[in-house]
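Below is one structure, written out as structure tokens; comments come after it.
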Amino acid sequence: MATKAKADANPAEATGPRTLDINISISADKAPDGQQRKLTLHRTVPDNVAGFIEEFTEPIVLSLIDKSITDLCRARTRPGLEGKDVTDANGATTTEIVTDKELQKIVNEYKPGLVRGRARKTPLDKILGNLDSLSDEELEALKARIG
């Protein structure tokens, strides 16, 4: 779904609330005629929460926010619920189940736009995190290289 702000020619003469034009792309593999069907629909919506509440009412806006956050939290936690494959230094892979407490922490820390509420790793953090996966020979080669 793409959005773009609707520009007013002269803001001083603008009347009514500001809006966003939303383009909604949709497709169906099985249309009645057997052909794949694609189209883009257009909708104008308010560009702020107050405008949404005025147009749709507060209970509906809160319900949409609730559904959106619920869906996003499910998407964030489902991989941990299903288990994640972990490969050890010897190349053996096991499935690790994330605990209920860890999944709850993911949900508690979730903020839209952030990756599971974590700060981005610095380059040094990334290097240090990768050291555990190096063999003894690779560690010796690294030590020799950096002196």
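FYI, it's all coordinate maths here, none of it is from the lab. The structure displayed is predicted, hence computed values, not measured ones. Cβ sites come from the backbone with ideal geometry, for glycine too, and all protein chains shown count toward neighbours.
List of remarks:
- Taking a ≥ b ≥ c as the square roots of the eigenvalues of the alpha carbon gyration tensor, segment 49-142 is prolate, as a/c is not under 1.5 and a/b beats b/c.
- Cα→Cβ-extended label distance, 7 Å offset, between ARG37 and ALA75, nm: 2.6 nm
- Modelled spin-label separation between LEU139 and VAL107, with each label point placed 7 Å from Cα along the Cα-to-Cβ direction: 4.0 nm.
- Full-stretch length increase - LEU131, ALA50 - with 0.36 nm per residue and alpha-carbon distance subtracted: 24.1 nm
- Net charge, THR94 excluded, C-beta distance under 9 Å - Lys, Arg +1, Asp, Glu -1: -3
- Dipole of segment 57-137 [Lys/Arg +1, Asp/Glu -1 at C-beta], most positive-end residue of PRO59, THR99, LEU124: PRO59
- Long-range HN-HN contacts of ILE22 with modeled amide H, under 5 Å: ARG43, THR44, VAL45
- For the peptides 54-67, 123-136, residues were scored by their other Cβ atoms within 10 Å and the scores averaged per peptide; the highest-first order is 54-67, 123-136.
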